[in-house]
Structure formats: C-alpha cells, structure tokens
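First the structure, in the form of structure tokens, and then the observations on it.
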Amino acid sequence: MDYAKYRFTFWKMVRLIGEWWIVSGAVSYFFYQSVMVFVLLQGVFPFYLRLRRKDFICERKWRITLQFKEAIGMVSANLRSGNSVENAFRKSCSELEHLYGRNCEMAEEFRIISRGLDNNIVIETMLLDLAKRTAIEEIEDFAEIFAIAKRTVGNLREIITDSSNAIGEKIEMRRELRVLIASKQFEHRIMCLIPFFIIGYISFTSKGYFDSLYHNVFGISVMSACLAVYLFAVVWGKKITSIEKMEG
C-alpha cells in the first residue's frame, strides 16, 4: 500500500460533500446572499478535496507512527523473552491485532512481513520497503539501523531494544507537542467562525443593516475584499498552527 495516496470511502465522500455545502452555503449567504454564488462555489470542491486529502494523509501517518511505536516495543519484548527475530515479528502481529484491531495499518504490515518470512524474504528488505511507502522518519530510522545491524552481525536484541526506547521517547515528545498545538488549532477554528456569528447576529437584530452590501457592484466589491482578507487570515492561521511545520 502506498501511504502517500489516499482513497476516500463512499461515506467519507458524502461527509466531505456535506461539509463543503455548509461552507459554501455560509459564504454565499453571509457575503453575497446569492444562490448563484453557491452554485459557482461547487466548482471549487475539487480543491477542497485535495486539502482534506492532505489532512487525512497526515492523520493516518501519525496513527501509523503511534502503532509502530507499540509494534517495535512488542518486538523488543518478544526478543527479550527468548524468541528469534523472525518469531518476534510474527508474535507481534497477533498482539497488534489484539490491541488495535485486525484492520489497523501496522497489523496489516506485520502480516505482510510474516508472509514474507514464510517465503524466505529477509526482514530488512521488507522494513526498508515499509519505510519507503510510509515516509515516516521513525520507521525509516529503525529500518536503516536494523539493516546495518543485520549486515554487521550486530547484537540485534540489544540494538532493537535501544532503538525501541529511543524512538518511543521521540514519539512521546511529539505527542506532547501535538497536545499543546491542538489547543491553538481549536482556538483557530473558533476564530474562523466568529465573523459569521457577528454578521448573523447583526443581520438578525438589525434588519436591513447590510442591505447596501448585497446585489450591487459596490457591495459585491467590498464583500469580496472582506472575503479575500478572511481567507488569507484562515490560511495563515492554519500554517501557523500546522503540526507538521512545528515538528519539522
């Protein structure tokens, strides 16, 4: 599986269409009060789809990172209990299924590794392939360390244990950072909604207050400029609170 790509399920696509209808409906009503604008905004949906695809890919990569942390911890524990490297990976597969469910990404990857071992494919080749497909730094580091240890006939048990501890600490630091950033992201979402609440409140309490800004060239120009400033602020705020940029 190529984790750089993301295929939407039917129900997720329905959800995204509903999200875009709400967003485009709010913009067309509060900024223009025009059904035509709502119809025209449907042409922007593919762009919104690309943005959401990136979000889902980032979410999946973080989920896989957490699963991988547990996976190498299981492999390390199985090695310490006297299992061979191959059996440690095989046993970890069933443990991952029990912890995260059979359909989790890392359990599927460990099933692939188990089948590969049955077909005499070396583990380091499969780990390097996993690192390439996920493009996750922690998996890439582990795969490279594992491959070097295999080639140099190093103490795999000690190396895997040390790598597991180091990667686990790194992921925990990233988790703490994400918790801190999550609060800022929530504040950003609230701030994005405030302009609509303000316009809606004034429109409801003062009928006709914004009438001069709709259905005329001057009003459309003013509202378009306001919308441009609002979109710039939304995009800039999203960049500032981007978890991936903070971690980079």
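What to note about this one:
- For q = 0.19, 0.20, 0.21 Å⁻¹, Debye-computed log10 I/I(0) when each Cα of segment 1-89 counts as one equal scatterer: -0.90, -0.95, -0.99
- Looking at segment 82-153, none of the trypsin sites (Lys or Arg not before Pro) sits in a DSSP loop with at most 10 other Cβ atoms within 10 Å of its own Cβ.
- Heavy-atom surface analysis with a 1.4 Å probe gives the chain a carbon and sulfur content of 65 percent of its accessible area.
- Counting only alpha carbon atoms, the long axis of helix 156-205 and the longest principal axis of the chain meet at about 10°.
- If R0 equals 22 Å, the separation of the Cβ atoms of residue 155 and residue 98 corresponds to a calculated FRET efficiency of about 0.15.
- Among the chymotrypsin sites (Phe, Trp or Tyr not before Pro) found in segment 102-170, not one is both in a DSSP coil and sparsely packed, with 13 or fewer other Cβ atoms within 10 Å of its Cβ.
- The chain - percent relative contact order, Cα under 8 Å, separation 6 or more: 20
- Summary of the geometry: segment 84-158 and segment 1-77, compared by the centres of their Cα atoms, lie 30 Å apart.
- Note on residue 36: accessible area is roughly 120 Å² with a 1.4 Å probe, heavy atoms of protein only.
- When you filter the trypsin sites (Lys or Arg not before Pro) in segment 178-223 for DSSP loop state and at most 10 other Cβ atoms inside 10 Å of their Cβ, you are left with 207.
- Given their separation in residues at 0.36 nm each and the Cα-Cα distance between them, residue 53 and residue 125 gain 23.0 nm when the chain is fully extended.
- Whole-Hz couplings from phi, Karplus 6.51/-1.76/1.60, listed for segment 31-38; x for Gly and Pro: 9, 9, 6, 9, 5, 4, 5, 4
- Shape of segment 116-161, Cα gyration tensor, a/c cut at 1.5: oblate
- Taking N as its residue count, the alpha carbon Rg of the chain over 2.2 N^0.38 Å: 1.39
- Full extension of the chain between residue 86 and residue 187 yields a length gain of 31.6 nm, computed as 0.36 nm times the residue separation minus the alpha carbon distance.
- Alpha-carbon Debye profile of segment 88-147, log10 I(q)/I(0) at 0.29 Å⁻¹: -1.22
The values are calculated or read from the model by the stated rules, or taken from the named source; none is laboratory data. All values reported here derive from a predicted model rather than from experimental measurement. FYI the Cβ positions are ideal-geometry reconstructions off the backbone, even for glycines, and counts take in every protein chain you see. Just the protein is used for accessible areas: all its heavy atoms, side chains included, with ligands, DNA and RNA removed. Shrake-Rupley method; radii C 1.70, N 1.55, O 1.52, S 1.80 Å.
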